[in-house]
Amino acid sequence: MKLPVRVCVLVPLVVMALSLGACTPALDRDQARMCRMVIEAMTDDAAVTIMHQSLVVAGPDPTIRVDYRLSDEAAYATARWVQCSFDNGARRLSLTALRTETGPLSEPRVFMLNRFWLESSDRVPNDPLPIAGAENAVVLPVEIGYWLQQLVNACPSCAVYGLLAAAYSLVYGLIGRINLAFGAFAAIGGLAALIVVLGLSGWPVWLILPVSICIAILCTLCHGLAISRLVFQPLQGATGQQGLVATVGLSLFLGEYLRLVQGSQARWIVPMLDTPQALARDDAFTVTVTPIAVLVSLVAGVAAAALLRAMTSSRFGREWRAFSDDPQAAALFGIGRNRIVAQTFALASALAGLAGAITILMFGDFSVAFATTLGLKALTAAVLGGIGSVPGAFLGGLFVGMIESGWSAAFPIVYRDLAVYGVLVATLIWRPGGFLGFPTLVPRRV
């Protein structure tokens, strides 16, 4: 990886300097779902058939119209519809106005509808739109179906945490230093993917997805090479504490850099390939999965398999393991420190960029604030798996994702992060080396 430093610095800056523009003028399925859920409050729980839904007004305050009729009404009965306006900011799923065929609702009624219907924790309103494939889905007991749904929900999170944890482990396993800036690297990749998706609005999805992922990887790879050259190579003789402080400062710098480039407000795109498909059902519950969740899980799985294969069979993997075991002996056999460090940073940064890209493609929103939390969760996964072990990093990512999903299903979600970090503390006490690392802490030879 011998790209000039100027190229590695200028390419990301040019990409980041592109205008983000407005949100894509497409129907936001989450907002459409919220609009459909309003119908139940308007019809006193009567059976409803959705006829048509469309984006009436695009732009900063999108408005969606849903036409429907009651199932027991004749086809020529009076047309029924609801027209929902939403905020396009941080509370984009909150109603700002509502009209029906009988006229607009007052602001107090819209507030009550938001507060005690759509945002209620006591009862989730029904979505009257049928789930695709529900009639032919496998019938399972509701308890099994419920936990199967949690397993499906956990897959994208496991993919993101595993990729980022592998990035941490690649760098730590080689030079014994933790780069705390990988959360910011994921944010850079997510922002680059978001810009590409907005810029290619209206193009086929099968083209938008690979292009956005490739640009995100290229952008973070260039950042990784530049930072390796400008930050870590000058610090190769520094102590561990000096390197750690440098990565803290680097993380703060990149966070502020992102804030200046795209602002502190959240950015979002209309999620793609997010139509739920039925996997299994019960009389009162349907297990669903979205095509984008399957796609990002498969992409992460392929990337993980390719990385594990490369670490055992490629020249880079052999050189990485040799330098990790004994840097002085590796240097005697022609393995240059600067070259292997640059290659490792490039690969780790590409993994972080991929994690950020699939995050934005899966969930549809981006903000600078998510970088810190995402980085800490991934670092927790790397430590649980055995920091410095690439297979352990993926195992740790799988474990953290499953803990989050399982805790959210069985216990109050507000304590979810506390549970994850509690498992980390317990692991550090009883097995400091993690699942696949050394059972006890050992000094590192550098």
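The values are calculated or read from the model by the stated rules, or taken from the named source; none is laboratory data. Please read all numbers here as calculations on a predicted model, not as lab measurements. Cβ: placed from backbone, ideal geometry, glycine included. Neighbour counts: every protein chain shown.
Computed values, structure above
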read-out: Residue check for Gln241: without any contact (Cβ under 8 Å) to a residue 40 or more places away in the chain, over 30 Å from Pro62 (Cα atoms) and either in a helix (DSSP H, G or I) or assigned by TED's automatic domain parsing to the domain that holds Val368 (or both); value: yes
read-out: Criterion (part of a loop (DSSP other than H, G, I, E, B), at negative phi and surrounded by 18 or more Cβ atoms within 10 Å (Cβ to Cβ)) met by exactly one of Val270, Val296; value: Val270
read-out: Neighbours by Cβ (under 8 Å, 6+ apart or cross-chain): first from the range 205-221, free of Cβ contacts under 8 Å to residues at least 40 places away in the same chain; second surrounded by fewer than 21 Cβ atoms within 10 Å (Cβ to Cβ); value: Leu207/Leu200; Val211/Leu200
read-out: Selection count where residues are closer than 18 Å to Leu129 by Cα, at pLDDT 85 or above and of a type in the set (Ser, Thr, Tyr), scope the range 55-77; value: 1
read-out: Residue in the range 136-144 that is modelled with pLDDT of 85 or more, among the small types (Gly, Ala, Ser) and outside the structural domain of Ala381 (by TED's automatic domain parsing) present; value: no
read-out: Residue in the range 282-291 that is without any contact (Cβ under 8 Å) to a residue 60 or more places away in the chain, in a helix (DSSP H, G or I) and either aliphatic (A, V, I, L, M) or farther than 30 Å from Gly133 by Cα (or both) present; value: no
read-out: The range 299-312, subset of a type in the set (A, V, I, L, M, F, W, C) and surrounded by 14 or more Cβ atoms within 10 Å (Cβ to Cβ), residue nearest to Ile175 (Cα to Cα); value: Met311
read-out: Qualifying residue in the range 78-88 (condition: modelled with pLDDT of 80 or more, crowded, with 18+ Cβ neighbours inside 10 Å and assigned to a helix (DSSP H, G or I)); value: no
read-out: From Ala184, Ala154, Ala167, residue being under 25 Å from Pro291 (Cα atoms), assigned by TED's automatic domain parsing to the domain that holds Ile403 and in a helix (DSSP H, G or I); value: Ala154
read-out: Check on Ile358, among the β-branched types (Val, Ile, Thr), touching a Pro at 6+ places or on another chain (Cβ under 9 Å) and under 23 Å from Gln149 (Cβ atoms); value: yes
read-out: Check on Asp45, at pLDDT 75 or above and in a loop (DSSP other than H, G, I, E, B); value: no
read-out: Residue match in the range 116-133 (condition: surrounded by 19 or more Cβ atoms within 10 Å (Cβ to Cβ) and among the hydroxyl-bearing types (Ser, Thr, Tyr)); value: no
read-out: The range 196-211, subset in contact with a Gly (Cβ under 9 Å, 6 or more places away or on another chain) and part of a helix (DSSP H, G or I), residue nearest to Tyr161 (Cα to Cα); value: Leu198
read-out: Some residue of the range 322-338 being charged (D, E, K, R), within 19 Å of Gly392 (Cα to Cα) and assigned by TED's automatic domain parsing to the domain that holds Ala154; value: yes
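Conditions tested, residue by residue: (1) at pLDDT below 90; (2) surrounded by fewer than 24 Cβ atoms within 10 Å (Cβ to Cβ).
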residue: Ser314; (1), (2): no, yes
residue: Asp326; (1), (2): yes, yes
residue: Phe333; (1), (2): yes, yes
residue: Ser349; (1), (2): no, no
residue: Thr373; (1), (2): yes, yes
residue: Ser408; (1), (2): yes, yes
